[in-house]
1. Looking at (1) among the small types (Gly, Ala, Ser); (2) in the same structural domain as Ile224 (by TED's automatic domain parsing); (3) surrounded by 15 or more Cβ atoms within 10 Å (Cβ to Cβ), find the lone condition where Gly202 falls short.
2. Check Gly80, Gly134, Gly100 and return the single one that is under 22 Å from Met167 (Cα atoms) and either small (Gly, Ala, Ser) or modelled with pLDDT under 95 (or both).
3. Of all residues in region 95-142, which are touching a Ser or Thr at 6+ places or on another chain (Cβ under 7 Å) and on the phi > 0 side of the Ramachandran plot?
4. Filtering region 206-228 down to residues that are in contact with a Ser or Thr (Cβ under 9 Å, 6 or more places away or on another chain) and in a loop (DSSP other than H, G, I, E, B), which residue is surrounded by the most Cβ atoms within 10 Å (Cβ to Cβ)?
5. Can you tell me which of Tyr68, Tyr143 is under 16 Å from the mean Cα position of the chain (by Cα) and assigned by TED's automatic domain parsing to the domain that holds Phe29?
6. Inspect all residues belonging to region 172-188 and state whether any of them is surrounded by fewer than 12 Cβ atoms within 10 Å (Cβ to Cβ) and of a type in the set (Gly, Ala, Ser).
7. Counting just the residues of region 141-155 that are out of contact with any Phe, Trp or Tyr (no Cβ under 8 Å at 6 or more places or on another chain) and part of a helix (DSSP H, G or I), which one comes out nearest to Ala129 (Cα to Cα)?
Amino acid sequence: MPEEIKNQGELRNRDEIADDYNERGISFFNLKKYPDAIKEFTKAIKILQNDPDYYFNRGLAYYSMRMYEQAVKDYRSAIGIISENADYHNALGAALEDSGNAKEAVEEFSRAIKLESDIPDFFYNRGNALFKIGKKEEALNDYSEAIRLNSMDQIFVYKRYETLMEMGRFEQALKDIEKAIDMSPENGTYYLLKSDTLVELGRKGEALNVLEEASKFSVSPEEIEERKRKLE
C-alpha cells in the first residue's frame with residue numbers, strides 16, 4: 001500500500017475514534033453523568049487536539065459541575081482554535097460571571113453579540129452581568145433588546161421588571177409585571193409582585209384587590225393575610 005494512502009487511512013481512523021469518544025461523552029452528558037462525560041471528552045482531545053467542539057463539550061461538563069476554572073480554560077481553548085463562534089464566547093461569559101468575573105463576562109457576551117446580534121439570550125446574559133457590576137441602565141437596555149427579539153419569554157420581562165424596581169421606576173415596572181401576568185396568569189408570585197409595586201405607587205386599595213386575585217393561585221393564605229394586615 002502506498003505510504004500516502006496508508007497515512008490517510010490512519011488519519012480517518014483517528015478522526016473516527018475521537019468522534020466516538022466525543023459521542024459517548026455527549027451521551028453521558030445528556031444523562032447528567034458529568035465525570036464520565038469529562039473522561040470521554042478528554043480521550044477525544046488526546047487523539048485530536050485541534051477540534052474546538054471537544055474542548056467546548058468538556059467545558060460544558062465542567063460548568064455543569066460548577067468547576068468554573070476548568071470550564072473557562074476549556075472554553076478559551078475552543079476559542080483559541082476558532083474565535084468566530086458566538087456560542088463559545090457566550091459560554092465563556094457565563095463561566096466567568098459565575099466565577100465572580102462579571103466585568104470580563106460582559107466583554108465575552110459582547111463578543112458573542114458582535115458575532116450574532118439576533119440571539120435574545122446573549123443580550124439577557126449580558127444584562128445580568130451588567131446589573132452585577134452596577135450598570136443598571138445598560139442592563140435595562142439589554143433586557144429590552146432581549147424582549148424585542150423574543151417577546152414571549154417571561155423571564156426577560158421579569159428581569160426588566162426587577163431592574164426597573166431597583167431603579168425606582170415603578171410605573172414602568174408595573175407595566176412589565178402586568179405583562180408577565182398576561183403571559184403566565186396562574187403564577188401567584190406575579191400577583192404578589194404587582195401588589196408590592198402598587199404599594200410603592202401609593203395605590204394601596206388596588207394592591208389589596210390584587211392580593212385577592214393572588215389567593216386564587218398557589219400562594220399560601222398565611223402570606224396573603226400577613227400582607228393584607230400590613231396594608232390595612
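1. Failing condition for Gly202: (3).
2. Only one candidate qualifies: Gly134.
3. The answer is none; no residue qualifies.
4. Val219
5. The match here is Tyr68.
6. Among the residues of region 172-188, not one is surrounded by fewer than 12 Cβ atoms within 10 Å (Cβ to Cβ) and of a type in the set (Gly, Ala, Ser), which makes the answer no.
7. Only one residue fits best here, namely Asn141.
Conditions (1) in a helix (DSSP H, G or I); (2) touching a Leu at 6+ places or on another chain (Cβ under 9 Å), marked per residue:
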{"residue": "Tyr63", "(1), (2)": "yes, no"}
{"residue": "Arg66", "(1), (2)": "no, no"}
{"residue": "Glu69", "(1), (2)": "yes, no"}
{"residue": "Arg76", "(1), (2)": "yes, yes"}
{"residue": "Tyr88", "(1), (2)": "yes, no"}
{"residue": "Ala91", "(1), (2)": "yes, yes"}
{"residue": "Leu96", "(1), (2)": "yes, no"}
{"residue": "Ala105", "(1), (2)": "yes, yes"}
{"residue": "Lys114", "(1), (2)": "yes, no"}
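The values are calculated or read from the model by the stated rules, or taken from the named source; none is laboratory data. Fair warning: this is a prediction, and the values are worked out from it, not measured in the lab. Note that each Cβ is placed from the backbone with ideal geometry, even for glycine, and that neighbours are counted across all protein chains shown.
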